Structures are given as structure tokens and as C-alpha cells.
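Written out below as C-alpha cells is the structure these notes cover.
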Amino acid sequence: MTYTTRQPLLPTYDHRPGSGPTLVFLHYWGGSARTWDPVVDRLPGRGVLTLDFRGWGRSRDLPGPYTLRRLADDTLAVLAAAGVTDHVLVGHSMGGKVAQLVAGARPDGLRGIVLVGPGPAKPAAHITPEYRAGLSHAYDSDESVAGARDAVLTASELSDAAKSRV
């Protein structure tokens, strides 16, 4: 059984207790907990936790700031709220950055991290205004989402079902 939890000022998360250390899946910039559904579906009986970062998915209306540090603090708060005491962080892209920050806090029960295409936890020293503007508006419309999905987030053609999920 999976439990979906919404608490004031805490990101919405899904927790399915099960065997082994709980795998805590952290999504990419623009993703959500749903991003991990195809992976979670292949792990029957395994303890898993997915969350929608503040500003994304079911947590999109939570107030900022939307910094990586805030997302890491939220992740630690979700782990505590879910009662997860034995876990492995699995972070993709931005989720990998967050996983690095969470691991740096050395929380009790952390067994390890798995990084999938992460960037460094610290942003690049110089980001152009044009690049920042592009990131800020990548999810404003169906067309901009398709552009980000096809030109930035993926390296190969996706099925229609996968495109819809993104």
C-alpha cells in the first residue's frame, strides 16, 4: 500500500513501506514524483518514497524560496515525517544536486546515494541572463515544455506515453 501525504508547508510525497532500505527518489528540474513511476513499478515489495519538490507537481503552490538548500531541507523533513530511518537517496539531475546536499548533512539512516546524470551541488560560477531566462520560462507553455523535453532533457526519441509523463 502506498501512502500519499500532504502536510502544510511540506512537499507532497508518496511512501510505500517495504523491504530493504527505503529508496528515496528525487526528480529532475521540471519533473515530479510521477517521473519515477516506471522505476517504482518495477520494484514490487521494496520500500520507496517519492516526493514532489517545492514548486513542482503537487507541491507547486508551496511558497519559496525554491533554492537547492530549501529542497534539501524539505527532503530531510519529509524523511522525518514519513518515519524513514533506513534509506538510499536516488537523485536525477537537479534531484542529484539535492541528494548531494542531503548526504552532506549526514542524516541518520542514510546508507548511500545513487546519482543519475547529476550536476554539481553548487551552480556554475557564471550563468548568462539568457540561459537563466530560458530556464525560467521552459515550462510556460506546451510548446516550451516540448522544447525543453526534446532538446535538453532527453537524448533519444520518447514514446508518446513517456512524452506525456514528462
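Among the residues examined, H137 qualifies as open to solvent by 60 Å² or more (accessible area, probe 1.4 Å) and either at pLDDT below 85 or closer than 19 Å to R54 by Cα (or both). Y28 meets all of the listed conditions (1) hydroxyl-bearing (S, T, Y); (2) open to solvent by 50 Å² or more (accessible area, probe 1.4 Å); (3) modelled with pLDDT under 95 but one, namely (2).
For segment 97-119, taking the residues that are of a type in the set (K, R) and in contact (Cβ under 8 Å) with a residue 12 or more places away in the chain, the one that is farthest from A82 (Cα to Cα) is identified as K97.
If you go through segment 58-74 and keep only what is in contact with a strand residue (DSSP E or B) (Cβ under 7 Å, 6 or more places away or on another chain) and part of a helix (DSSP H, G or I), you end up with R58, S59, D74. Taking segment 1-54 as the range and being in a loop (DSSP other than H, G, I, E, B) and either free of Cβ contacts under 8 Å to residues at least 40 places away in the same chain or over 23 Å from P118 (Cβ atoms) (or both) as the test, the residues that pass are M1, T2, P8, L9, P17, G18, S32, D41, R42, L43, P44, G45.
Taking segment 40-76 as the range and being exposed (fewer than 15 other Cβ atoms within 10 Å of the Cβ) and out of contact with any helix residue (DSSP H, G or I) (no Cβ under 7 Å at 6 or more places or on another chain) as the test, the residues that pass are D41, R42, P44, G45, R60, D61, P63, G64, P65, Y66, T67.
The values are calculated or read from the model by the stated rules, or taken from the named source; none is laboratory data. Just so you know, these numbers come straight off a predicted model, no measurement behind them. So basically every Cβ, Gly included, is an ideal-geometry build from the backbone, and we count neighbours across all protein chains shown. Ligands, DNA and RNA are stripped out before the accessible areas are found, and what is left, the full protein with its side chains, is counted by its heavy atoms. Shrake-Rupley method; radii C 1.70, N 1.55, O 1.52, S 1.80 Å.
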